[in-house]
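The values are calculated or read from the model by the stated rules, or taken from the named source; none is laboratory data. Note that the structure is predicted; figures quoted are calculated from it, not measured. Please note: Cβ atoms are built from the backbone with ideal geometry, for glycine as well, and neighbour counts cover all protein chains shown.
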Ligand code: HEC
Ligand code: HEC
């Protein structure tokens with residue numbers, strides 16, 4: 001008896017679950033896209049940021065990280081003067097934070113130009129290029145940067161720096177922005193993972209920071225190209 005009942009329950013479950021979950025996700029993203037209209041003034045329509053990292057890339061960032069930072073800006077746990085008016089309670093409710101974070105995280109920004117077909121017209125090419133997030137590759141002692149990153153950072157930020165869970169993606173982020181954040185962590189003006197790993201950052205030399213950043217700009221080539 002239980003053996004025969006199983007497929008029936010599976011089908012029933014699928015029928016019940018599929019349309020509901022698809023619908024609610026679609027609604028949140030729609031609202032999120034609308035809210036993103038105010039963010040676009042600084043971060044760009046696709047969240048690709050700009051002004052050489054004055055505005056960070058947020059498109060494709062980890063959803064939990066986006067939401068956490070918005071809550072931190074709102075409570076002023078992390079000070080962000082340009083964004084403060086946009087994150088006040090009446091502007092951005094908890095529900096809005098969920099919707100806009102989900103939408104922004106769902107944007108996939110390529111970090112290399114696409115392979116165009118001969119048939120692609122100028123507009124198609126322009127639109128595709130607007131989304132490309134190109135980070136200049138930095139020179140430095142790459143083996144030193146790699147050893148530091150893989151030993152001290154990869155556990156949280158991921159082997160290829162795409163982040164995981166609430167730990168932010170570092171690859172594809174403007175180098176100047178990353179450098180500024182590391183300086184803020186060292187000065188104590190922004191808290192790095194509830195202070196747990198400030199130890200490493202505080203001990204690190206300027207040259208090590210340069211090597212780490214140089215490696216991060218190349219990490220996808222080095223780690224993904226491996227068989
Ligand atoms: C007036 C310009 C401005 C507007 C509008 C703005 N931001 Fe920002 N945002 C910034 C700046 C500047 C920073 C970087 C602050 C720093 O360097 O610490 C930032 C940082 C962030 C970060 C942190 C990124 C990270 O990796 O830690 C997130 C997330 C973010 N913004 C999301 C949003 C969202 C969502 C909106 C719309 C509701 C928005 N921003 C609107 C200027 C803006
Ligand atoms: C124990 C986990 C952990 C380790 C190890 C760690 N980080 Fe982080 N890192 C975090 C968390 C969590 C955040 C988000 C902080 C916040 O909420 O503001 C973060 C944020 C960052 C940011 C800012 C990113 C952004 O988008 O704003 C940089 C840059 C960074 N880490 C660099 C490093 C480097 C370099 C190392 C290795 C030397 C490292 N981290 C090791 C957990 C970690």
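I'd like to check which helices (runs of 4 or more DSSP H) are fully inside segment 130-189 and have at least 3 residues that are under 24 Å from residue 66 (Cβ atoms).
154-157, 175-187
Each residue in segment 121-161 was checked for being at pLDDT 90 or above and within 16 Å of ligand 1 (Cβ to nearest atom), and 5 of them qualify. Within the set 109, 92, the sole residue that is touching a helix residue (DSSP H, G or I) at 6+ places or on another chain (Cβ under 7 Å), more than 26 Å from residue 161 (Cβ to Cβ), at pLDDT below 95 and in a loop (DSSP other than H, G, I, E, B) turns out to be 92.
What do you reckon, is residue 118 loosely packed, with under 13 Cβ neighbours inside 10 Å, part of a loop (DSSP other than H, G, I, E, B) and at pLDDT 95 or above?
No, not satisfied.
The set of residues in segment 65-91 being within 21 Å of the chain's Cα centre (by Cα) and more than 21 Å from residue 191 (Cβ to Cβ) consists of 86 alone.
Out of 41, 64, one residue alone is in the same structural domain as residue 95 (by TED's automatic domain parsing), surrounded by fewer than 21 Cβ atoms within 10 Å (Cβ to Cβ), within 13 Å of ligand 2 (Cβ to nearest atom) and in a helix (DSSP H, G or I). It is 64. Candidates are the residues of segment 134-191 that are more than 8 Å from ligand 2 (Cβ to nearest atom), without any contact (Cβ under 8 Å) to a residue 24 or more places away in the chain and surrounded by fewer than 14 Cβ atoms within 10 Å (Cβ to Cβ); the one that is nearest to residue 105 (Cα to Cα) is 134.
The set of residues from segment 67-83 being closer than 15 Å to residue 43 by Cβ and either touching a residue at least 60 places away in the same chain (Cβ under 8 Å) or away from ligand 2 (no atom under 12 Å from the Cβ) (or both) comprises 82, 83.
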